[in-house]
Amino acid sequence: MRAEETHRLSAARPSPRRFPLERTHLLAALAFVAWLAFAIGLHPLTLPDEGRYAGVAWEMMRSGDWLVPMQNGLPFFHKPPLFYWLTALSMGVFGVNVAAARLAPLLLAILAMLGFWATTRRRCGAAIANATVLVLATMPFFFVAAHFANLDMPVAACITLTIVFAADAALALRDGAPWRRTLVLAWACAALGVLAKGLIGIVLPGLVLVLWLLARGQARTILRLVSPLGVAVFFVIAAPWFVLVQERYPGFLHFFFVYQHFERFTAGGFNNPQPWWFYPVVLFGLGLPWSLWLLRARLPARTTDSIDGRAWRTLMWIWLAVVVGFFSLPQSKPVGYVMPALFPLAFLIAEPALAAWRGQRTAMRRAVAASLGVAVAICLVGLGVAATRYDRDHTALAHALRDARAPGDPVVFVQEYFFDVPLHAQLRDPVPVIADWHAPDIFKRDNWRRELAEAAPFAPERAAVLLVDARQGFRLRCGKAPLWAVVKSSDVPIVAALPDALRVAATHHAELWRIAPHACTSAESAR
């Protein structure tokens, strides 16, 4: 390239110089952290998702088995362990409570925001980076997800960091600037993404980056990003857990990769089947009012911007399209799956909003201020509803069980697995579940019954004790200790018909009963 052309190109992009962490940046960062974190313990765990994943982390912490995630004493191989590791550590430090259960998604959301802000600032300038973070933090979808105890935010954060670090490395490679450390960091984030939710942690960022580099005519850079050191770091971080679990439970890899990945992606019968247009509607609706600004978003090929600005905007459009398109293919469309699209969406919204704020028209500045105010109000109203109107919470019932039950008293769940009860009651042992475990449709619905039944082949002896068929009745009441039964309100007659059964506590949808000890015959005990 000629010297004058090199000078022209370098002048057209922002300088990649290092920037100090000024006091204003620090204060702004603290404000964002406070905004996202202040409410993580103010509303109960949402069932089933938050109760399920926090409960698995609780079992990991109290059992001391940090290798195999367990749900009610049975191997839970639906998801990898990163969330459980982080949440178990959080509970170990801060206690078994709702805030500790939500700390990992919050911290990963903040880390992803920081990485996105830093790379966007380097490539597009401070103003758009700051505006993007402001939009992201006040977008209702992101605000809720940042303190929701499941795996969607952790994997979205890892995917985001993988993409922005790898893209930053690609642009640095183009400029002849240092790039290897950033690329290795991207590979490390991809490995954590795999440990957060599986192959999607590497497949989705790879698809975004390949399409972006092809669109920019940088096909050769694709091979440069497949760094031997980066690949080695990826396998060192991601592979050991899969190898060790396969050694303990043969058949795990087939269940995890073939069944949980490919069959779930291509088959029906899983959570939330929806039409192809579902995710665009979700992003628009849960992004309001900010999502209205997407109608004024800039196109990738805008020639008045810097080279890096055009490259970064192209990345955002491709990123958004790939995530929405990829997850729109299967029938199953849980809302949280599309969460990796929130980061590019925030950037594409922030550009026109920032331009309107900088413009001379007072009406447009007011529109930006109104969008911010309405977004904050929606977040706060949503919190208030979750804290006061959610009626599936079993915290009070679990505390009643914890206070009334003597150590060693048996507990049983009837016709339901109550995800949050073991956590809030801090039960030290798995709970037998009485249900119709021979029902022919048990694998046709994606629910708690299917999850426990799918785990049975990995631990058949434990499953025989914990998955109690309804035809065997309440054999656990045989003995000297009372039996404590947690039952759905609709199934209370099953328990109430037993001799000496006493209702102890009740919530909107569940009740706690104490069943007096019963001197069973040998035939009854053996059933």
Cα gyration tensor of region 122-213 diagonalised, 5x eigenvalues square-rooted, in angstrom largest first, produces semi-axes 23, 19, 10
Once amide hydrogens are built 1.01 Å from N within the peptide plane, the residues lying 5 or more places from Asn271 or on another chain with amide H under 5 Å from its amide H are none
Counting sequence-distant residues (5 or more places) and residues on other chains, those with an amide H built under 5 Å from that of Trp437 are Ala470
Residues whose built amide H sits under 5 Å from the amide H of Val411, excluding neighbours closer than 5 in sequence, are Trp484
Semi-axes in Å, largest first, for the chain (Cα gyration tensor, √(5λ)) are 49, 25, 19
In nm², the average projected area of the convex hull spanned by the Cα atoms of region 77-388 is 17.7 nm²
Between the alpha carbon centres of region 443-502 and region 145-179 the gap in Å comes to 44 Å
The value for region 395-526 (convex hull of the alpha-carbon atoms, volume per residue, Å³) is 118 Å³
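Read-outs throughout are calculated quantities, based only on the coordinates presented, and are distinct from any laboratory measurement. None of these values were measured; they are calculated from a predicted model.
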